[in-house]
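The numbers here are math on the coordinates, done by the rules we state, and not lab data. Note that this is a predicted model, so its numbers are computed, not measured. All Cβ positions, glycine included, derive from the backbone under ideal geometry; neighbour counts span all protein chains shown.
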Amino acid sequence: MTRKEHTLVTSGPYRWVRNPLYASYFVIVTGVTLLMANYFPVVAGAAVLTLVVIRTRREEEKLTDRFGDEYREYMKQVGRFLPRLRLQP
C-alpha cells in the first residue's frame, strides 16, 4: 500500500536493487538449501521464492500507479533482485 505522503527512495541499498529485503531472503534460502542434505528445503524454498516473485510484481504495479514515469525509469536502471551490470564505454 502506498500513501499520499510516501516518497520514492532510490538511495542506500535501493540504488543497487529495488527489493533488498527480498534479495537477502534469496541469499538466505540458497544458503540453507546448500547446507541441508535433504530435498525439503529446496522444494519449500522454491515455493516461497516463487510467491515472493509474484508478490513483487503486484507491489511494483502499485508503485508504478503511484509514482508513474519516475518509477518506470528507476526500474530500467535498477534490477529487481540483483544489481544490473553496467558496462562502461
Percent of all Cα-Cα pairs per 5 Å bin for segment 49-89, counting from 0 up to the last occupied bin, reads 6, 20, 23, 23, 16, 7, 4, 1
The equivalent-ellipsoid semi-axes of the chain, taken as the square roots of five times the Cα gyration tensor eigenvalues and listed largest first in whole Å, are 28, 17, 10
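Please compute the length gained on full extension between residue 30 and residue 4, using 0.36 nm multiplied by the number of residues separating them and subtracting their Cα-Cα distance. Display every interim value, and only then the final one.
Working: separation 26, 0.36 × 26 = 9.36 nm, distance 3.67 nm.
Result for the pair: 5.7 nm of gain on full extension.
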If one compares the long axis through the Cα atoms of helix 40-67 with the longest principal axis of the Cα atoms of the chain, the angle in degrees, nearest 10, works out at 10 degrees
Distance in nm between residue 55 and residue 84 label points, each 7 Å along Cα→Cβ, equals 2.5 nm
